[in-house]
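Read through the structure below, which is laid out as C-alpha cells, and then see the notes.
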Amino acid sequence: MPVTTDVWIGVHEERGSLLALLETLTAAEWNTQSLCSEWRVRDVVGHMVSETTMSIPKLVAGTVRSGCRINKFIATDARRKGGLTDSELVDAFRTAVPTRTHLPGLSSMSMLEDIVIHSLDIRRPLLRHRTVPESRMVLVASDLSSSRFFVGHKLFADLRVRATDADWSAGEGNEVSGPIEGLVLAMSGRLAGLGELQGDGMTSVYQRAENL
C-alpha cells in the first residue's frame, strides 16, 4: 500500500518536537554519547541535517573517498557536520524541519523512521522522554518488522512480536512482548531496547543478538 503524504505531517511534527529540545541543550548535553555507538548527540543531529541535503553525486563522491564503504562515509559525514557550533546545528536543523527531500529509493516513511529512531538516540541518554503518537509508532514498527535494511527480521524471525502498550503485533511463533518503543529500538539495531522485552522467544533473540 503506498504511503500517503500524511506521513510527512508526522515527520515534520516529530522534527519540530526535537528542535524544541535541541534549543534547550547545554554544551555538555550536545556532547553526550547517543545510542549510536560512534556518535554524540551533535553528530546525530549533523547526520539528520545531511540527509535533507544529500544528493546522489555527493553520496557517490563521499563513498569513493571512504574506500567505497558507504557506512564509513555516513559516519564520517555525521561527525563532520557535528563539528558545527551548537547554534549552527540548531539553525541547520531548523531549516531541515519542513523539508520533504530524501535520496532516491527512500520515502516519507523512511524519513519518519529516521526522525523517530534518531530522536530516541538523543532523548534516551539525556532522559528527555517524549511519547510519540501511537499511530506513528505503529507505522514505524510495521515497516521495521519487514525491512531487510534493519536487523528486526533477523532478531525476530519465526517469533510473534507484540506491543504491550499499543495495538500492534507481527509474526507467528513464541512470543516477545514489550513497549512499542523498546521493540522499535531493538528492530532498528539499538539493542538497549532488549532489556524492556520479555517472553518465551527472548532466548532466541539474545542468541541472535550475539551474532549481529
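Details
- Positions within segment 115-151 being surrounded by fewer than 16 Cβ atoms within 10 Å (Cβ to Cβ), within 26 Å of Glu210 (Cα to Cα) and of a type outside the set (Ser, Thr, Tyr), in sequence order: Arg148, Phe149
- Qualifying positions in segment 183-210 - buried (at least 21 other Cβ atoms within 10 Å of the Cβ) and either over 20 Å from the mean Cα position of the chain (by Cα) or without any contact (Cβ under 8 Å) to a residue 60 or more places away in the chain (or both): Leu183, Ala186, Met187, Gly193, Leu197, Gly201, Val205
- Test: residue in segment 149-156 that is more than 19 Å from Gly195 (Cα to Cα), in a loop (DSSP other than H, G, I, E, B) and either of a type in the set (Ser, Thr, Tyr) or free of Cβ contacts under 8 Å to residues at least 12 places away in the same chain (or both): yes
- Checked against (1) in a helix (DSSP H, G or I); (2) on the phi > 0 side of the Ramachandran plot, Gly189 meets all criteria but (1).
- Among the residues listed as Val49, Val7, the single one being aliphatic (A, V, I, L, M), in contact (Cβ under 8 Å) with a residue 60 or more places away in the chain, closer than 15 Å to Leu112 by Cα and assigned to a helix (DSSP H, G or I): Val7
- Here segment 22-38 is the region considered, the condition is being modelled with pLDDT of 95 or more and buried (at least 16 other Cβ atoms within 10 Å of the Cβ), and the residue that is farthest from Ile74 (Cα to Cα) is Leu25.
- Tallying residues that are buried (at least 16 other Cβ atoms within 10 Å of the Cβ) and not in a helix (DSSP H, G or I) within segment 170-182 yields 7.
The values are calculated or read from the model by the stated rules, or taken from the named source; none is laboratory data. Being a predicted model, the structure only gives us computed values, none of them experimental. Here the Cβ is made from the backbone with ideal geometry for all residues, glycine too, and neighbour counts use every protein chain on show.
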